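The values are calculated or read from the model by the stated rules, or taken from the named source; none is laboratory data. Given the structure is predicted, the values throughout are model-derived calculations rather than measurements. Glycine gets a Cβ as well: all are built from the backbone with ideal geometry, and neighbour counts include every protein chain shown.
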Amino acid sequence: MNNDEEKILLSHGNGGRMMHNLIENLFLRHFTNPVLAEQSDAAILSMGTHDIAFTTDSFVIDPLFFPGGNIGKLAVCGTVNDLAVSGADPRYLSVSFIIEEGFPMTDLEQIVVSLAAEAAKAGVVIVTGDTKVVNKGKCDKLFINTAGVGSVKDKNKLIRKAAEICPGDLILINGTIGDHGMAVMAARESFKFKTTVTSDCASLNHLIGEVLDQSHGVKFMRDPTRGGVATVLNELAAKTSLGIEIEELSLPMHKGVTAMCELLGFDPLHIANEGKVLIVAAQEEGPRILEIMKKNSLGANSAIIGRVTGDHPGKVVLKTETGGKRIIDTLTGDPLPRIC
């Protein structure tokens, strides 16, 4: 960390360049080991005769309740999805609460009920947890930490590594982008838009399981949460030393999200999602995967949005609606802090 970064800023938690610099220059430097060095959404750990996937996450979203969910539902979805995009079948969760003194019991119960309902829907079991209460003013209402464990089949272990990606591979997404970030922003700022934007917050393990069971050729998956689609694709381009091209006309977006982004000056490619998975698949298998996803309610608006190319290695290029091209960079700054 240089002299300009001696204090932690909100941007260090946005999923973009500053957070990745913090991880590389501080955490990985002191915690380094072969498992952590993979920097995947879930670690694959050898447990003797079989392997498990393990992940952890913390949720500090503001506000706690937003159109389409609340912090309890979000905690389950975020953890389940990190396991699922790593090729694992989520099984067990831990849930820990840090609660500010004076927090309304009715709100807490509503959050717990939502959390339990989403866990049941995802087919995971909450098996352990912890509760801490801190003095009023020492935390902002409620924070939740989770950990998740899942089983992983041998054929899915390499998905998280992106090791087999090559030029010509297709990039797919299971629906509209930017919904979560814009829904939370509207709720936080009490914007009175005519069009209501609802968070896409959802557990994707059943959808992803269908894709993995019914198709071949999935080479990589990632859920584009903080930092959005642009940050995930930039990470992938850097990791593979290949180029990525996406088509603006192919990007699925709700009209309300488009309008909000234009009004507020946001790039929807940098906005967080909580119910989306980006999939890189072999060219010949992409249409089959698209067909599978569209049969699931969480994939009704799925689309092939681009492809991997040998051109402009390490860069993500957007082919615009007008026929031009522009480079899409990793998120810098933090236009939407505390989004998850």
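Go over the candidates Phe103, Phe143 one by one and state the one that is surrounded by 15 or more Cβ atoms within 10 Å (Cβ to Cβ), assigned to a loop (DSSP other than H, G, I, E, B) and not assigned by TED's automatic domain parsing to the domain that holds Ile292.
The match here is Phe103.
Please list, ordered by first then second residue, the pairs with beta carbon atoms under 6 Å, 6 or more apart or interchain, first in region 198-213 and over 24 Å from Ile271 (Cα atoms) and not assigned by TED's automatic domain parsing to the domain that holds Gly69, second modelled with pLDDT of 95 or more and crowded, with 24+ Cβ neighbours inside 10 Å. What qualifies is Val211/Ile289. Within the option set Gly310, Gly275, being more than 19 Å from the chain's Cα centre (by Cα) and in contact (Cβ under 8 Å) with a residue 60 or more places away in the chain holds for one residue only, Gly310.
When Gly323 is tested against (1) at pLDDT 95 or above; (2) of a type outside the set (Ser, Thr, Tyr); (3) not in a helix (DSSP H, G or I), exactly one condition is not met: (1).
Checking Ala281, Ala272 one by one, the residue that is closer than 17 Å to His216 by Cα and in contact with a helix residue (DSSP H, G or I) (Cβ under 6 Å, 6 or more places away or on another chain) is Ala281 and no other. The lone criterion from (1) buried (at least 20 other Cβ atoms within 10 Å of the Cβ); (2) among the small types (Gly, Ala, Ser); (3) on the phi < 0 side of the Ramachandran plot left unmet by Ala259 is number (1). Screening Glu38, Glu24 for residues that are in contact with a strand residue (DSSP E or B) (Cβ under 9 Å, 6 or more places away or on another chain) and surrounded by fewer than 15 Cβ atoms within 10 Å (Cβ to Cβ) leaves exactly one candidate, Glu38.
Reported count of residues in region 262-303, each being surrounded by 19 or more Cβ atoms within 10 Å (Cβ to Cβ) and either at pLDDT below 95 or closer than 27 Å to Asp329 by Cβ (or both), is 18.
For region 171-257, list the helices (runs of 4 or more DSSP H) that sit wholly inside it and hold at least 2 residues that are farther than 26 Å from Asp62 by Cα, out of contact with any helix residue (DSSP H, G or I) (no Cβ under 9 Å at 6 or more places or on another chain) and modelled with pLDDT of 95 or more; which are they?
228-240
Considered as a group, the residues in region 146-170 that are among the basic types (Lys, Arg) and part of a loop (DSSP other than H, G, I, E, B) include one that is nearest to the chain's Cα centre (by Cα), and that residue is Lys157. Considering Ser250, Ser297, the condition of being more than 23 Å from Asn234 (Cβ to Cβ) and either in contact with an Asp or Glu (Cβ under 9 Å, 6 or more places away or on another chain) or assigned by TED's automatic domain parsing to the domain that holds Gly175 (or both) is satisfied by Ser297 alone. With respect to (1) of a type in the set (Gly, Ala, Ser); (2) crowded, with 19+ Cβ neighbours inside 10 Å; (3) on the phi > 0 side of the Ramachandran plot; (4) at pLDDT below 95, the lone exception for Gly48 is condition (2).
All of (1) among the aliphatic types (A, V, I, L, M); (2) farther than 21 Å from Asn81 by Cα; (3) without any contact (Cβ under 8 Å) to a residue 60 or more places away in the chain hold for Ile126 with one exception: (2).
Filtering Asn205, Asn234 for residues that are touching a strand residue (DSSP E or B) at 6+ places or on another chain (Cβ under 7 Å), under 30 Å from His312 (Cβ atoms) and of a type in the set (S, T, N, Q) leaves a single hit, Asn234.
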